């Protein structure tokens, strides 16, 4: 059963997301949306002479898709239904480029649970984004703001 509240989560809990293939359309739409038209992402001829030998996906596209995959874990989802907002992303490191056509997935672990007040808490998750060859592309830590189980009162 999918978790409902902060209290349903456990430090050390791990999950593996499904994969998602990064497409030409993803890269073009990301460039258009953000205005990041750097030729390493959008110009095949230019990219041939780059250290990568071909176009690569934007790092922030990889991070965005990789972190969003945490929400597609089905029954193993780390963030509960009561998730309110993304609170913080930190310790992002891009280790290797993702190429158009790579299928990425995210391996994640709950590393900290921090109660904030009677109604909210923070779940800290460490993630590793890998490609179809299980090569590490990026690492990150994020904090999700989530609801706590309501306290029952007696009247």
Exercise. Of all residues in region 132-155, which are more than 21 Å from residue 65 (Cβ to Cβ) and not in a strand (DSSP E or B)?
Worked result: 148, 149, 150, 151, 152, 153, 154, 155
Exercise. Does region 123-131 include one or more residues that are over 18 Å from the mean Cα position of the chain (by Cα), surrounded by 17 or more Cβ atoms within 10 Å (Cβ to Cβ) and assigned to a loop (DSSP other than H, G, I, E, B)?
Worked result: no
For this session: Look through 67, 82 and report the one residue that is at pLDDT below 95, in contact with a strand residue (DSSP E or B) (Cβ under 7 Å, 6 or more places away or on another chain) and either surrounded by fewer than 14 Cβ atoms within 10 Å (Cβ to Cβ) or closer than 24 Å to residue 40 by Cβ (or both).
Result: 67
Seminar exercise, completed: Within region 4-55, the residues that are more than 19 Å from residue 132 (Cα to Cα), in contact with a strand residue (DSSP E or B) (Cβ under 9 Å, 6 or more places away or on another chain), in a loop (DSSP other than H, G, I, E, B) and modelled with pLDDT of 95 or more are 11, 12, 50
Exercise. From the list 104, 100, 40, which one is surrounded by 13 or more Cβ atoms within 10 Å (Cβ to Cβ), without any contact (Cβ under 8 Å) to a residue 60 or more places away in the chain and farther than 16 Å from residue 6 by Cβ?
Worked result: 40
Problem set entry | Criterion violated by residue 25 - all others in (1) surrounded by fewer than 16 Cβ atoms within 10 Å (Cβ to Cβ); (2) over 17 Å from residue 101 (Cβ atoms) satisfied | (2)
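The values are calculated or read from the model by the stated rules, or taken from the named source; none is laboratory data. Bear in mind that the values here come from a model prediction, so they are computed numbers and not experimental data. Virtual Cβ from ideal backbone geometry, glycine too; neighbours counted across all protein chains shown.
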